[in-house]
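To start, the structure under review is shown below, and the notes come after it.
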């Protein structure tokens, strides 16, 4: 599974020979293995031999940024390059009885970690799609401009290139652009650190029974965008949201704004997986028209 060069590189970093590699299921872009050294220590290794790019380097920077907030557990980065990322191994555990309440409180704590501007110092990835994070001009301090240009419009342009932009989607985007300021008006807040892609597959339960964040698409944005993604595919208990809101109350109207934040991810899924997501994208837009 590992080339001789990569094996030696990892062993040199870890200071021990590799004893075993056991495949871990769950990834759709990369392959993952549990790596054990002869000293008995375990590590998580993710590989992508199909292409050589900066995806793992960007993932590593996102994980490091999340760890800075010191709110939720995030696996430590040991090493990353274009072909792999080596992380602290976190043993899966059974959820504690108050798992989602604790998760909600800690997620609120993550969002209290803020920045002076929207975006991030580098672009990264949402799934295998590039996520544009570097703000242009006034986008740095204007969430509506940043979100529209770097999230909705960027994905819509991809949909046009990929042949997914039928008339109803094109006309819907034009109408939505005219309403976006009205939709998001009154929700202004300073930029929060976001996981960026938090659904049921991008958190795990550690050995203590608490939530651990994985596979981020990090940037600084409006925290309602993060919460909208948690609701897109379900899997989060009501106690998650009530505990979150107790710790970091949301502004009135946040439920109304959820569809415009879900839209980013649904158009991304349209671009990644095809026509099955088209009706949902149109429906999300039409909920505002």
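The values are calculated or read from the model by the stated rules, or taken from the named source; none is laboratory data. Computed from a predicted model, the values in this text were never measured in an experiment. Neighbour counts are summed over all protein chains in view; Cβ atoms, including those assigned to glycine, are modelled from backbone coordinates with ideal geometry.
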**OP:** Check 253, 221, 196, 209 and return the single one that is touching a strand residue (DSSP E or B) at 6+ places or on another chain (Cβ under 8 Å), at pLDDT 95 or above and at positive phi.
**Re:** 196
**OP:** Please find, among 63, 79, 57, the residue that is in contact with a strand residue (DSSP E or B) (Cβ under 6 Å, 6 or more places away or on another chain) and outside any helix (DSSP H, G or I).
**Re:** 79
Original post:
Among the numbered criteria (1) assigned by TED's automatic domain parsing to the domain that holds residue 190; (2) farther than 21 Å from residue 284 by Cβ; (3) modelled with pLDDT of 95 or more, which single criterion is violated by residue 126?
Top reply: (2)
Original post:
under 25 Å from residue 193 (Cα atoms), part of a loop (DSSP other than H, G, I, E, B) and touching a residue at least 60 places away in the same chain (Cβ under 8 Å), is that true of residue 71?
Top reply: no
Original post:
Could you say which residue among 196, 200, 253 is in the same structural domain as residue 142 (by TED's automatic domain parsing) and more than 18 Å from residue 147 (Cβ to Cβ)?
Top reply: 200
**OP:** Please go through the stretch 11-48 and pick out each residue that is in contact with a strand residue (DSSP E or B) (Cβ under 8 Å, 6 or more places away or on another chain), outside any strand (DSSP E or B), at pLDDT below 90 and surrounded by 13 or more Cβ atoms within 10 Å (Cβ to Cβ).
**Re:** 27, 30, 48
Subject >> helices (runs of 4 or more DSSP H) (entirely within the stretch 186-282) containing at least 3 residues that are under 14 Å from residue 127 (Cβ atoms) >> reply: 254-273
**OP:** Being in the same structural domain as residue 203 (by TED's automatic domain parsing), at pLDDT 95 or above and closer than 22 Å to residue 273 by Cα narrows it down to one of 167, 114, so name that one.
**Re:** 167
Original post:
What are the residues in the stretch 270-289 that are in contact (Cβ under 8 Å) with a residue 60 or more places away in the chain and either outside the structural domain of residue 165 (by TED's automatic domain parsing) or in contact with a helix residue (DSSP H, G or I) (Cβ under 7 Å, 6 or more places away or on another chain) (or both), if any?
Top reply: 270, 271, 278, 281, 282, 285, 286, 288, 289
**OP:** Give the residue, chosen from 162, 141, that is over 14 Å from residue 218 (Cα atoms), assigned by TED's automatic domain parsing to the domain that holds residue 273, in contact (Cβ under 8 Å) with a residue 60 or more places away in the chain and loosely packed, with under 15 Cβ neighbours inside 10 Å.
**Re:** 162
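Here is a yes/no grid of residues against (1) surrounded by 18 or more Cβ atoms within 10 Å (Cβ to Cβ); (2) touching a helix residue (DSSP H, G or I) at 6+ places or on another chain (Cβ under 7 Å); (3) closer than 29 Å to residue 41 by Cβ:
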| position | (1), (2), (3) |
| --- | --- |
| 74 | yes, yes, yes |
| 77 | yes, yes, yes |
| 89 | no, no, yes |
| 123 | no, no, no |
| 135 | yes, yes, no |
